[in-house]
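In what follows, a single structure is set out as structure tokens and then discussed.
The values are calculated or read from the model by the stated rules, or taken from the named source; none is laboratory data. Just so it is clear, the structure is predicted and the values come from calculations on it, not from any experiment. Virtual Cβ from ideal backbone geometry, glycine too; neighbours counted across all protein chains shown.
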């Protein structure tokens, strides 16, 4: 009996389990994700773990990514369309170090794409998973403060007050002014916040080939848009949803237009524009230099037409 | 003699109040808040097109009664029936929240004494009216605008100010916005909770004029609660006098106010005069 010491009985010391999260955490997250996929747009509560980054920096998306990632995956991390900003670079390095996976900036090569604020311009395909970081998962938050009440409203599909919000915007400003997080109805049932993506990206969720998972670490909620699911922005029958007007904006680096642009103010008061999606821009530049590169079809074509004809009213 | 012989069976009909079924029947209502009994066994019947006044001093249970009739609260006991499509013979207190919401949106309008109870102060006035239509499933912006305009015309609210915020409007105008909101979907029943009590006398008269004209034109059924006998005298056909949660006297307005039978009602009438 004397040799039954704690040191001998205990599991051999390991710094971290694979992909940082312990197996119980990963199992819980995967079960929540399955439930979220089963009920499109429904916010599933989960036990959001402490992560080595602060709440609000992508802990929700990071936990989903870490619970799904395996040695064969290729990971891309986007922050505001950019692969190289501090948040994206840190998350990508963390995921690669913890899971030993390959990383990429090419949206077509990636199997898992964790993103903040943007969906890539190139069409994602079946089998790819897009993980969006969400600060406020509750689309009814600003019209109803009580969480108990908003859950009741979701249960009753009582979303009428959202249209009152639209009415107010039209009366006061003459157009819909919600820029990011434009609320959508998923699968003709649940009202959902698509996360702080611009209106430009909202239609990309409709009948998409890829799986979209949205996760809010601080609010401890995750939800999903399964592949090939109807997603419609809320609008009036006579005043329609529209995306940001990108007409006349040409990327000064790559020369393309009809994509989502970053505006770069110049000292003389004018503006330059550059592609927000830097992974896509890098591939365009490569092609310009004559290097071999595969560029996929984009959601919006060179004339600015959305790939689901008739989805957007013009 | 001549006059009597010209009366035939077509003109000699029983009064409407007798021949038509009541719109509203509330039976045996009890409501307690802790140790306080707000309503102790109230029965009320209101006929279509009638204006029923509820008078009584503060704390007599008038407003509690109106909250029950507006389905805002459930009573401890009692039944409540409205003669509206799909809900005949259904005790409205037994409805689930979905159907309760439907009854409140389509069939009951309410004007509160304090506008902030009935209006969203940081939404435009027309938005407040449009809310009713949106709740009822309207999704056309143009339809909402024209319905809001029609409703504001009926409540005699200046259209030039329909997109102002209620908190920028005077008290009388706020009451008119509440009224426009209440009647936007042409409900069968309109509940008025001290609608003019916060207003000065001249504005009060104007709002009462509007209410009276509206009632005359649309024949809407109204239950009005007030401690002001002048308001009741102007609007109501029939009066219910409440005290300590009970109805102590009921009858035609003129009859009750001119010849009160109960000592308390006499006191009330004399206090006014």
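Structure data summary
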| item | result |
| --- | --- |
| Evaluation of residue A:21 against (1) over 19 Å from the mean Cα position of the chain (by Cα); (2) surrounded by 13 or more Cβ atoms within 10 Å (Cβ to Cβ); (3) in contact (Cβ under 8 Å) with a residue 60 or more places away in the chain (one fails), failing number | (3) |
| Among the candidates A:73, A:79, A:83, residue that is in contact (Cβ under 8 Å) with a residue 40 or more places away in the chain, in contact with a helix residue (DSSP H, G or I) (Cβ under 9 Å, 6 or more places away or on another chain) and closer than 24 Å to residue A:294 by Cα | A:83 |
| The range B:151-161: number of residues that are surrounded by 14 or more Cβ atoms within 10 Å (Cβ to Cβ) and either within 9 Å of chain A (Cβ to nearest Cβ) or outside any loop (DSSP other than H, G, I, E, B) (or both) | 4 |
| Residue A:171 at pLDDT below 95 and more than 11 Å from chain B (Cβ to nearest Cβ) | no |
| Selection within the range B:116-150 - surrounded by fewer than 21 Cβ atoms within 10 Å (Cβ to Cβ) and under 20 Å from residue B:66 (Cα atoms) | B:116, B:117 |
| Residue B:121 within 14 Å of another protein chain (Cβ to nearest Cβ) and in a loop (DSSP other than H, G, I, E, B) | yes |
| Residue match in the range B:87-102 (condition: touching a helix residue (DSSP H, G or I) at 6+ places or on another chain (Cβ under 7 Å), in a loop (DSSP other than H, G, I, E, B) and away from every other protein chain (no Cβ under 14 Å)) | yes |
| Within the range B:125-140, tally of residues that are more than 7 Å from chain A (Cβ to nearest Cβ) and assigned to a helix (DSSP H, G or I) | 5 |
| Criterion: farther than 15 Å from residue A:112 by Cα and assigned to a helix (DSSP H, G or I) - qualifying residue of A:55, A:32, A:49 | A:32 |
| Any chance residue A:105 is surrounded by 15 or more Cβ atoms within 10 Å (Cβ to Cβ), away from chain B (no Cβ under 14 Å), free of Cβ contacts under 8 Å to residues at least 40 places away in the same chain and not in a strand (DSSP E or B) | no |
| Selection within the range A:211-238 - within 14 Å of chain B (Cβ to nearest Cβ) and buried (at least 19 other Cβ atoms within 10 Å of the Cβ) | A:233, A:234, A:236 |
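To keep it simple, each residue is scored yes or no on (1) more than 18 Å from residue B:193 (Cα to Cα); (2) in a strand (DSSP E or B); (3) modelled with pLDDT under 90.
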{"position": "B:38", "(1), (2), (3)": "no, yes, no"}
{"position": "B:42", "(1), (2), (3)": "no, yes, no"}
{"position": "B:48", "(1), (2), (3)": "yes, no, no"}
{"position": "B:52", "(1), (2), (3)": "no, yes, no"}
{"position": "B:59", "(1), (2), (3)": "no, no, yes"}
{"position": "B:63", "(1), (2), (3)": "no, no, yes"}
{"position": "B:66", "(1), (2), (3)": "no, no, no"}
{"position": "B:75", "(1), (2), (3)": "yes, no, no"}
